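Q: Structure in structure tokens, see below.
The values are calculated or read from the model by the stated rules, or taken from the named source; none is laboratory data. Computed from a predicted model, the values in this text were never measured in an experiment. Backbone-built Cβ (ideal geometry, glycine too); neighbour counts: all protein chains shown.
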Amino acid sequence: MASDVIIACDFSSRREVLEFLDKFGPQKPFLKIGMELFYAEGPEIIQEIKNRGHKIFLDLKLHDIPNTVKKAMSVLSRLDIDMCNVHAAGTAEMMKAAVEGLVRPDGTRPLIIAVTQLTSTSEERMQKELLVCESLEKTVLHYAQNAKNSGLDGVVCSPLESEKVKAYCGADFLTVTPGVRFAESSSDDQVRITTPAKARGFGSDYIVVGRPITAADDPVSAYRRCIEEFLG
Ligand code: C5P
């Protein structure tokens with residue numbers, strides 16, 4: 001499985017994202033497209049970016065009854081995306097349905113990973129509001145195991161959790177990790193962060209990097225630096 005840097009394209013319009021991508025010339029980074037852009041511009045934006053030669057992680061975090069998720073995944077699989085995701089909280093049955101829906105008529109399918117617990121959910125909130133009584137770590141690892149048993153390819157997690165997820169679910173189980181910052185840069189609103197080189201050391205397969213690249217004075221240099229530090 002190839003490791004890579006995925007740029008989080010957290011833009012809200014086609015114009016902004018295309019202006020950003022034009023800076024990269026012939027270079028075609030792997031991109032994460034989220035709800036903001038997808039809901040603003042519709043599925044056409046995915047095909048347009050794909051036609052420019054980028055790989056796409058479509059980050060829509062599906063969570064619904066199994067039948068609805070299966071049908072929605074079947075529609076998304078037609079978009080020629082490379083990676084997508086669901087919430088593991090939707091249950092193993094929902095995750096299995098998601099994988100089934102994602103398989104294209106030719107037998108191929110995009111990678112599918114699970115969100116375990118959002119990094120915005122603290123252990124205290126998880127326990128008091130959601131009444132999940134275990135520790136956050138145990139919950140993350142258990143949800144990762146559910147995802148693996150349901151046929152998913154990996155999870156989104158903090159780089160600091162990568163090692164434990166790999167130890168629990170196997171080295172081949174992918175970890176896709178946001179929360180990455182250059183050693184000297186601001187952490188923005190991220191709390192548990194690490195550098196690209198350390199993320200690699202912890203075993204992350206893909207790092208998802210947003211503002212350190214998108215808000216940099218020179219996004220192309222920042223992207224190249226990420227690649228050098230992460231891939232070595
Ligand atoms: O700008 P920054 O590098 O913080 O962007 C990280 C990206 O990863 C954002 O798109 C954010 O929504 C996403 N993400 C995250 N933490 C998660 C899941 C996704 O930061 N647990």
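Q: Which one of these is more than 19 Å from Ile33 (Cβ to Cβ) and in contact with a Lys or Arg (Cβ under 7 Å, 6 or more places away or on another chain): Asp218, Asp172, Asp188?
A: Asp188
Q: Next up: Being modelled with pLDDT of 95 or more and more than 17 Å from the chain's Cα centre (by Cα) narrows it down to one residue among Pro110, Pro105; which is it?
A: Pro105
Q: Please specify each residue of segment 145-169 satisfying the condition of being in contact (Cβ under 8 Å) with a residue 40 or more places away in the chain, in contact with a strand residue (DSSP E or B) (Cβ under 6 Å, 6 or more places away or on another chain) and either within 13 Å of the ligand (Cβ to nearest atom) or more than 16 Å from Ala89 (Cβ to Cβ) (or both).
A: Asp153, Gly154, Val155, Val156, Cys157, Pro159, Ser162
Q: Could you give me the residue pairs with C-beta distances under 6 Å whose first residue belongs to segment 114-126 and is in a loop (DSSP other than H, G, I, E, B) and modelled with pLDDT of 90 or more, whose second residue is crowded, with 17+ Cβ neighbours inside 10 Å and not aliphatic (A, V, I, L, M) wherever it lies, and which are 6+ apart or on separate chains?
A: Within 6 Å, the pairs are Thr116/Tyr143.
Q: Restricting to segment 198-232, and then to whatever is more than 16 Å from the chain's Cα centre (by Cα) and assigned to a loop (DSSP other than H, G, I, E, B), can you tell me which residue is modelled with the lowest pLDDT?
A: Gly232
Q: Right, something else. I'd like the residue in segment 38-89 that is among the acidic types (Asp, Glu) and under 24 Å from Asp106 (Cβ atoms) and, out of all such residues, is surrounded by the fewest Cβ atoms within 10 Å (Cβ to Cβ).
A: Glu44
Q: Any idea which of (1) at pLDDT below 95; (2) among the charged types (D, E, K, R); (3) assigned to a helix (DSSP H, G or I) is the one Lys164 doesn't satisfy?
A: All conditions pass for Lys164, except number (1).
Residue by residue, here is whether (1) over 22 Å from Asp172 (Cα atoms); (2) touching a residue at least 40 places away in the same chain (Cβ under 8 Å) holds:
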{"residue": "Ala2", "(1), (2)": "no, no"}
{"residue": "Val5", "(1), (2)": "no, yes"}
{"residue": "Val17", "(1), (2)": "yes, no"}
{"residue": "Phe24", "(1), (2)": "yes, yes"}
{"residue": "Pro43", "(1), (2)": "yes, no"}
{"residue": "Asn51", "(1), (2)": "yes, no"}
{"residue": "Thr68", "(1), (2)": "yes, no"}
{"residue": "Leu79", "(1), (2)": "yes, no"}
{"residue": "Gly107", "(1), (2)": "no, no"}
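Q: State yes or no: is Ile6 out of contact with any helix residue (DSSP H, G or I) (no Cβ under 6 Å at 6 or more places or on another chain), at pLDDT 95 or above and under 28 Å from Arg200 (Cβ atoms)?
A: Values: out of contact with any helix residue (DSSP H, G or I) (no Cβ under 6 Å at 6 or more places or on another chain): yes; at pLDDT 95 or above: yes; under 28 Å from Arg200 (Cβ atoms): yes.
It is true that Ile6 is out of contact with any helix residue (DSSP H, G or I) (no Cβ under 6 Å at 6 or more places or on another chain), at pLDDT 95 or above and under 28 Å from Arg200 (Cβ atoms).
Q: Moving on to the next point. Please determine whether any residue of segment 25-35 is assigned to a helix (DSSP H, G or I) and crowded, with 16+ Cβ neighbours inside 10 Å. Write out each step before concluding.
A: First, the residues of segment 25-35 that are assigned to a helix (DSSP H, G or I): 35.
Filter once more, keeping what is crowded, with 16+ Cβ neighbours inside 10 Å: none.
Looking for residues that are assigned to a helix (DSSP H, G or I) and crowded, with 16+ Cβ neighbours inside 10 Å, one finds none in segment 25-35, hence no.
Q: Here is a further query. Restricted to segment 1-57, and to residues that are within 12 Å of the ligand (Cβ to nearest atom) and touching a Cys at 6+ places or on another chain (Cβ under 8 Å), which residue is farthest from Val208 (Cα to Cα)?
A: Once the filter is applied, the top-ranked residue is Leu37.
Q: I'd like the residue in segment 122-144 that is more than 17 Å from the chain's Cα centre (by Cα) and within 15 Å of the ligand (Cβ to nearest atom) and, out of all such residues, is nearest to Thr91 (Cα to Cα).
A: Selected residue: Thr139.
Q: Does Glu93 fit the bill of being in a helix (DSSP H, G or I), more than 30 Å from Val220 (Cβ to Cβ) and at pLDDT 95 or above?
A: So Glu93 fits the description; yes.
Q: Among the residues of segment 26-44 satisfying the criterion of being aliphatic (A, V, I, L, M) and touching a strand residue (DSSP E or B) at 6+ places or on another chain (Cβ under 7 Å), which is farthest from Ala92 (Cα to Cα)?
A: Result: Leu31.
Q: Counting only residues that are within 11 Å of the ligand (Cβ to nearest atom), outside any loop (DSSP other than H, G, I, E, B) and aliphatic (A, V, I, L, M), how many does segment 170-197 have?
A: Number satisfying all stated conditions: 2.
Q: Do we find that Ile213 is within 23 Å of Gly34 (Cβ to Cβ), hydrophobic (A, V, I, L, M, F, W, C) and away from the ligand (no atom under 14 Å from the Cβ) in this structure?
A: Working: within 23 Å of Gly34 (Cβ to Cβ): yes; hydrophobic (A, V, I, L, M, F, W, C): yes; away from the ligand (no atom under 14 Å from the Cβ): no.
No: the conditions fail for Ile213.
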